[in-house]
Amino acid sequence: MRKLVYYVGVSLDGYIAGPAGEFDFYPFDAEMVAWTKADYPEFVPTHIRPHVGMAVDEPNKRCDAVVMGRGTYEPALSIDVTSPYAHMKQYVVSSTLGRIDDPAVELVERDPVGFVRRLEQETGGDIWLAGGGKLAAALLGEIDEMIIKSYPVVAGGGVPAFSGAFRPTLFTPTERKEFGNGALVTWFTRA
């Protein structure tokens, strides 16, 4: 069965982006970029790949589908990129977007939990939950694994990693990796 994997960067105070969706406050690290390209190439947007020395058709290693909320999808739309992860099957969960004009991106207007449960039953690689915080909170019961990139910076406000009802859910750390910029990547599985 496929797993739902929440791979996301967070500040020390638990924000995945600033109030306007900004994420450029995270300290850059070339070693981390090289690690992402080598171990998780599918997490690099298709339109960014040539700028970081990757082939557009670089094969995915783990995930072959991405589920994201409207707030995660809109930065690509703002630069006229309608299919940010063309190398994967793309799903945008939104009850307010209305429509998506790219046939490579499927709009999911309701029941993200039921939708993800159906995806998990299909054949294929794992499913990447790209964010945002509201969608991650709605899908918390479905998340099998988290790969959290913790950056040594306090944001002070913005988009939380989980934004929903109080629902303590235990995960077990299974691995850690530290980078020169002070970022720490931790892998967690559902306890």
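How much of the DSSP bridge set in the chain is antiparallel, in percent, rounded to the nearest 5? Provide the component values of the computation, followed by the final result.
Working: 15 of 38 bridges.
In the chain, approximately 40 percent of DSSP beta bridges are antiparallel ones.
Contact order normalised by length for segment 82-179, with contacts defined as Cα pairs under 8 Å and 6 or more residues apart; what percent is it? Walk me through the intermediate numbers first.
Details: 72 pairs, mean separation 20.2, N = 98.
Relative contact order for segment 82-179 comes out at 21 percent.
Name the helices (complete DSSP H segments) of the chain with a Cα length along the long axis of 30 Å or more and a Kyte-Doolittle mean of at least -1.0, or state none. Working shown, then result.
Details: long enough: none.
Qualifying helices, which must be both long enough and hydrophobic enough, do not occur.
Which of the lysines could a cross-linker span from Lys37 if the Cα-Cα distance has to be under 27 Å and same-chain partners fewer than 8 positions apart are dropped?
Partners within reach: Lys3, Lys61, Lys89, Lys149, Lys177.
Below 8 Å between Cα atoms, with a sequence gap of 6+, how large is the relative contact order for the chain in percent?
Values: 377 pairs, mean separation 63.9, N = 191.
That works out to 33 percent.
Please work out whether segment 18-86 counts as rounded, prolate or oblate from its C-alpha gyration tensor, where a ≥ b ≥ c are the square roots of the eigenvalues and a/c under 1.5 means rounded, while otherwise a/b larger than b/c means prolate and anything else oblate?
Details: a/c = 1.70, a/b = 1.20, b/c = 1.42.
Here segment 18-86 falls in the oblate category.
Do the sum for the chain: with -39,500 (n - 2.57) for every DSSP H run of n ≥ 4, divided by all residues, what is the mean residue ellipticity at 222 nm, to the nearest 500 deg cm²/dmol?
On the way: 4 runs with 35 residues, N = 191.
Per the formula, -5000 deg cm²/dmol.
What is the distance in Å between the Cα centroid of segment 126-191 and that of segment 13-68?
15 Å
Nearest 20 debye, what's the magnitude of the dipole of segment 1-77 about its Cα centre given +1 on Lys and Arg Cβ and -1 on Asp and Glu Cβ?
Dipole size: approximately 340 debye.
Quick one: net charge of Asp80's neighbours, Cβ under 13 Å, K/R +1, D/E -1?
Numbers: positive: none; negative: Glu74, Asp101, Asp102.
Charge balance in the 13 Å sphere: -3.
In debye, nearest 20: dipole of the chain around its Cα centre with unit charges on the Cβ of K, R (+) and D, E (-)?
On the way: 18 positive and 25 negative charges, 96 e Å.
With only Lys, Arg, Asp and Glu charged at Cβ, the dipole is about 460 debye.
Most exposed first by the Cβ proxy, i.e. fewest other Cβ within 10 Å, how do Tyr15, Tyr73 rank? Don't jump to the answer; show the numbers that get you there.
Numbers: Tyr15 23, Tyr73 27.
Fewest-to-most Cβ neighbours within 10 Å comes out as Tyr15, Tyr73.
Which entry in (i) 16.2, 49; (ii) 15.8, 43; (iii) 17.4, 59 is this structure's computed Rg and Dmax of the Cα atoms in Å?
Correct label is (ii).
Could you tell me which residue out of Val153, Phe115, Phe171 lies farthest along the dipole of the chain toward its positive end? Charges go on the beta carbon: Lys and Arg +1, Asp and Glu -1, centred on the Cα centre.
Positive-end residue among those listed: Phe171.
Looking at segment 78-191, what % of its DSSP beta bridges pair antiparallel, to the nearest 5?
Numbers: 13 of 17 bridges.
Antiparallel bridges: around 75 percent, rounded to the nearest 5.
Laboratory data are not the source of any read-out in this text; all were calculated from the coordinates shown. Given the structure is predicted, the values throughout are model-derived calculations rather than measurements. In this analysis, Cβ positions are derived from the backbone assuming ideal geometry, glycine residues included, and neighbour counts consider all displayed protein chains.
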